[in-house]
1. How far, in nm to one decimal, is B:ASP72 from itself in the other copies if the label point is set 7 angstrom along Cα toward Cβ? Shortest first, please.
2. What does the average come to when, for each residue of peptide A:70-77, you count the partner chain Cβ atoms lying within 10 Å of its Cβ?
3. What number, rounded to the nearest 500 deg cm²/dmol, is the helix-based mean residue ellipticity at 222 nm of chain B, given -39500 (n - 2.57) per DSSP H run of at least four residues and division by all its residues?
4. Taking Cα pairs under 8 Å and at least six residues apart, what relative contact order does chain A come out at, in percent?
5. Ordering A:ARG107, B:ARG112, B:ARG43, B:ARG51 from largest to smallest accessible area (1.4 angstrom probe), what's the sequence?
6. Determine one quarter of the surface area of the Cα convex hull of the range B:30-87, which equals its mean projected area, and express it in nm² to one decimal.
7. Out of residues 5 or more away from B:SER21 or on other chains, whose amide H comes under 5 Å of its own, with H placed 1.01 Å from N in the peptide plane?
8. Counting Lys +1, Arg +1, Asp -1, Glu -1, what net charge surrounds A:CYS95 among other residues with beta carbon under 14 Å of its beta carbon?
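The values are calculated or read from the model by the stated rules, or taken from the named source; none is laboratory data. The shown structure was predicted, so the numbers you read here are calculated from the model rather than taken from an experiment. FYI the Cβ positions are ideal-geometry reconstructions off the backbone, even for glycines, and counts take in every protein chain you see. The accessibility values were calculated without ligands, DNA or RNA, using every heavy atom of the protein model including side chains. Shrake-Rupley method; radii C 1.70, N 1.55, O 1.52, S 1.80 Å.
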2 protein chains.
Amino acid sequence: MNQPADSALRTALAYYQAWTSHDLDQAMSYIADDIVCDAPAGRLEGADAYRGFMGPFVQLLTGSRLIAAFGDDHTALIMYDTETVPVTSAPGAECVTVENGKIIYSRFVFDRAPFDAARMAGSER
Amino acid sequence: MNQPADSALRTALAYYQAWTSHDLDQAMSYIADDIVCDAPAGRLEGADAYRGFMGPFVQLLTGSRLIAAFGDDHTALIMYDTETVPVTSAPGAECVTVENGKIIYSRFVFDRAPFDAARMAGSER
């Protein structure tokens, strides 16, 4: 093992820092080309699909706060709250598997309900 | 400090083990009387409100799998997948604060959208 014992956590935090700073290019530098992400709406495969998912969300982001972050050399688990244009408090949690400084797998949990509600409210205007 | 360095994690895992075994009484033994839980639908205050929230969910539970669990002496962060009657895969994440072996605060994240969809599908029958 050449990796320090918290290397997955460091990658996850660097990734979090990048996307919450609206630096999508920097964020994607921590994402493996063949990432697999199990998100609420289904599985995303590959960096392009992942960027297509994160990009619009990052554009809506107006604030963020890290709630907790733990990890070891392979796995990190973080929870954060986000403030977005449609939803004031939209917390999320990510469990990521890291290899060679890149996230190769992500299990992503957040509540789609308030985003769905905001979308419906918008379409009713 | 009289607590071991992973005492919050041990409490969180014991709690998880209890409710995923459908032992709600045992699960509630790890919940402080004055627990505050920030859940997707809003804040729950007190063990009675918390039990009223967990009880119906545990009744729907048909399976569970721990995805990751980390913690220190005060805080634990866990992610798991659940299988429920209305929703086949309903992952959740909990960040809990523990004092004296009891969970005093929980931040709880899961996706309400598939439960809402199942409810609507049921009401349309």
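1. Distances to the matching label points in the other copies: 1.8 nm.
2. 4
3. Taking each H run of at least 4 residues, the total per residue is -10500 deg cm²/dmol.
4. Dividing the mean separation by the residue count of chain A yields 26 percent.
5. Greatest to least solvent exposure: B:ARG43, B:ARG51, B:ARG112, A:ARG107.
6. Details: hull surface 19.0 nm².
Mean projected area of the Cα convex hull: 4.8 nm².
7. It is none; the list stays empty.
8. Computed value for this residue: -3.
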